[in-house]
Amino acid sequence: QVRRSKLDARTRTMASDDEDEFDDLEDEEEESELEESDDDMAEPSASGSRAMASRPKAGQAAGETGGSSAGAKKSFLAQLKEDLKVEPFNRQLHVALIGALREAADLDSLSLARKEAAVKVALPEDLWLEWLQDERRLASGAGDFEELDKLHAQACAAAPTAKLWLQRLALQRGHCADECPTKVSRARALFEEAIGMLGNHPGEGLEVWGEYREFEVARLAATNEAQAQKQQAARVRALFMRQLALPLPGGEGLREAHTAFEGALGEEAKNKTALKKAEALAAAGAAAWQERSKLESRLHAAFRPSVSVGPAGERAASTPADLAVEVLAVEEASGDRGRILVGHLRASGAAPGDVGRWRCFADFHSVAREHQKAVEVLERAVRHISNSGELWLQLHSEQELSGSPLLTLRQVFGRCFLALNNDAQHDPEKSQAMQATMQEMMLQHADACRRAAQSTPKGEDPAELWKEMRSTLERAVSAASAPGADGAFCNAALLHWMRLEAYAARDYKATVQVGNRLMKQWGAYYNGWTSFISAVRHSASGDSYATLRDLFEQAITQVQDYPDQVRTDYLQFERECGTCQSCQEARRKYPPQPEAQQPVQQQEQEQEKEQKQKQQQQQQPNGKRQLTAKQAETQALAQAKKKARLEKVMATAKELPAAKALAKATAAKAKFFDPGAKFFHAPAPAAAKRAAIPVVRMRAVDEGTDEAVVPALKKAAIPVMSMKAVEEAPAAPASSKLDVDAGAAEAKDGSSAAAAAASAAAAAAAAAEGGSPIGPAAPIGPAAPIGPAAPIG
């Protein structure tokens, strides 16, 4: 009754305030109209006289305005409620309805509207502050504290800002004014929770730290015992030290406050090393803040409203979302979980519509098994992005991991269906994605029911949990069987249902029933019947031979993809489980097909062929032909002569300016090696064309040559193309051919000569390292043409 009387008084007060404001507005409007009329009379005109003549009298206008304003408010509220029925997840409509109801002082409807909006959308900070202030004004005393505390906790979880946390902390400070130890301990725990959430925030954390210190200083002032004062002073000192060690702004002012605090303490409560320790911590914190201060300044400037002039559609160079990601990367590099938490908080706040940011934030808590905190993150996420199936599925999973009851999971399931269905109605293209998400959500909820039923304590009946599992799966099958739905979802749901009945519930009858439903749609496939028969055999507790035999008979008549395999499985089943008579009858009805026997002569021929292949492999190791002693000597002499000729060419080419320019230009570009093709590429053909750098094409004789060519090319910095590109490229001009055998380094184009000389140098190096001989270089022109299929590293 006391609360109702206060509500009525508050209603009358708000109504009278609204009337006074409305009267003031009317007076201002009348004054402005009088001023306009004076101006019109000063300069009369025909149009002005007609306008004055057409104006109604003041009393008549006021009466009409008063009567129409009430009707307009009612129609506006009715229209907002109708719009919310169509779009229940529209944040702007909820905010408008709350504002209109608060203006109309309809407190009962206002409370319901606020609760409904808080469940469906993300309310802004100012609406939460208004809600908390209104409820605190209406509170009748200590009896309403628990409800107020729950509302403040809900606000801090939905929008973890400093203003909301300070409201909650102020409520706790007022509650423990009587210095009750239990209340003080509860307030300290809440302060520590606030510090864990916002203590590392460079913008909002400073106020929380200051509020915490004021709370402890007040406890110190209320303490009279010397030992208690010493302990309380140590608590305040620890808060100073913790904040000084963090990379936060305002370090100098905090040190001055700490120095003043230490100076005001008595001799028994003082600590001689406190100032030196604070100085060391402040130096480390200031250095860390100096490293990130520029990034913080950029982020702070990005959040300021500004007008930029540029081409239409051009994106800003550094948006708040991009800078928040940079801040998160810095925090993750530090390895401090408190700083990483604040980084995720700022990144998700800068881009509340980014699903990936929210999922990373939730995973941050989930990996550390902080599932309740992950639930709070995902609850904020689905209020910002209600049409994201990924977020709803993750929220359902995290709720189960946090130990929430099945009722809570049921509520998440219902909210998910409402949100996705509403989104699909406004955008028909999303209906298929919505159907897939809801199918997965129903299967996931059924799995949760199964886990809850299997973990039921002894003495409790899990029948209701199994019933809910079956009803959820039946709903999934019905949804997938609807007209226009994907039939694959129906088969997947039935298959999952059958396996749960067989392997989890161990219900033989239910397994057979669900399996028969599945086989009506999937009976033509061998895999479906195999799964069905295996499930029935596992769930059967007694003699199920007759049922299984009937299932095999049905499978033999229906399977179309692997009919022989079904018959083989049936014969094996009769051999394992049937009688001698049934096994013989099965063999007569479905005689086993013997494997095809190869003739003896054919087997001997294949054996001889394999032996010949082995002998050839032994005679040709690594796929190379063995050389005789004379052939090896001849090859060595040829290699020595070629080496001498190439050394002469290389010495001449080094002196050419074009060769030096080529080496310098090529060394400045990236070099890549393709292990598959065993070719060394540098630079890219397109870049080579632009830089007018000749590209030497070399033909590899075998793998050994490639292995020797690669280090030589690296040493000489010569770009090389694959053989495929060489064959596809047009022929080079005849005037630029290089006669390597003659040892001449002359050519009409200096760059071609340099490239050819470098190629010769690479071949010489390869020969020196023991590789196979390399043939003459391909002819090249002044700017060697490059094939379209040249591989790029």
### Query
Does L420 satisfy the condition of being within 19 Å of A157 (Cα to Cα) and touching a residue at least 12 places away in the same chain (Cβ under 8 Å)?
no
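Among the residues of region 398-418, write down those that are open to solvent by less than 20 Å² (accessible area, probe 1.4 Å) and in contact with a Cys (Cβ under 9 Å, 6 or more places away or on another chain).
L409
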### Query
Out of (1) touching a Leu at 6+ places or on another chain (Cβ under 9 Å); (2) open to solvent by less than 50 Å² (accessible area, probe 1.4 Å); (3) farther than 21 Å from G335 by Cβ, the odd one out for G285 is which?
(3)
### Task
Among the residues of region 500-515, write down those that are closer than 15 Å to A453 by Cβ and open to solvent by 10 Å² or more (accessible area, probe 1.4 Å).
L500, Y503, A504, A505, R506, D507, A510
### Task
State which residue pairs qualify: first residue crowded, with 19+ Cβ neighbours inside 10 Å and inside region 336-364, second residue in a loop (DSSP other than H, G, I, E, B) in any location, beta carbons under 7 Å apart, and separation of 6 or more residues or different chains.
R339/N200; V342/N200; V342/H201; L345/P160; R357/A351
### Task
For residues that are more than 38 Å from the chain's Cα centre (by Cα) and open to solvent by 50 Å² or more (accessible area, probe 1.4 Å), tally how many sit in region 80-114.
5
### Task
Please work out which one of (1) buried (at least 18 other Cβ atoms within 10 Å of the Cβ); (2) farther than 30 Å from A301 by Cβ is the condition A162 fails and give its number.
(2)
### Query
Is at least one residue of region 192-205 of a type in the set (D, E), over 19 Å from A269 (Cβ atoms), open to solvent by 40 Å² or more (accessible area, probe 1.4 Å) and touching a residue at least 24 places away in the same chain (Cβ under 8 Å)?
yes
### Query
Name the helices (runs of 4 or more DSSP H) wholly within region 167-275 that hold at least 1 residues that are farther than 25 Å from A155 by Cβ and at pLDDT 90 or above?
205-221, 226-244, 251-264
### Task
Answer yes or no as to whether R298 is open to solvent by 100 Å² or more (accessible area, probe 1.4 Å), of a type in the set (K, R), at pLDDT below 90 and not in a loop (DSSP other than H, G, I, E, B).
yes
### Message
Take the conditions free of Cβ contacts under 8 Å to residues at least 40 places away in the same chain and within 24 Å of V412 (Cβ to Cβ) and apply them to P462. Does it pass?
### Response
yes
### Task
Count, please, the residues in region 422-443 that happen to be at pLDDT 85 or above and either open to solvent by 50 Å² or more (accessible area, probe 1.4 Å) or among the β-branched types (V, I, T) (or both).
2
### Task
Would you be able to tell me the number of residues in region 554-571 that are over 12 Å from T530 (Cβ atoms) and buried (at least 18 other Cβ atoms within 10 Å of the Cβ)?
2
### Task
Mind listing just one residue for me: the one in region 444-492 that is small (G, A, S) and not in a helix (DSSP H, G or I) and, of those, surrounded by the fewest Cβ atoms within 10 Å (Cβ to Cβ)?
G459
### Task
Determine whether L391 is closer than 27 Å to V95 by Cα, touching a Gly at 6+ places or on another chain (Cβ under 9 Å) and crowded, with 19+ Cβ neighbours inside 10 Å.
no
### Message
Of everything in region 89-103, what is touching a helix residue (DSSP H, G or I) at 6+ places or on another chain (Cβ under 6 Å) and in a loop (DSSP other than H, G, I, E, B)? Give them in sequence order.
### Response
F89
### Query
For the subset of region 244-265 comprising residues that are in contact (Cβ under 8 Å) with a residue 40 or more places away in the chain and not hydrophobic (A, V, I, L, M, F, W, C), which member is surrounded by the most Cβ atoms within 10 Å (Cβ to Cβ)?
P247
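The values are calculated or read from the model by the stated rules, or taken from the named source; none is laboratory data. None of these values were measured; they are calculated from a predicted model. Positions of Cβ are generated from backbone atoms using ideal geometry, with glycine treated the same way; all protein chains shown enter the neighbour counts. The protein model used for the area step is the full one, side chains on, heavy atoms only, and it has no ligands, DNA or RNA in it. Shrake-Rupley method; radii C 1.70, N 1.55, O 1.52, S 1.80 Å.
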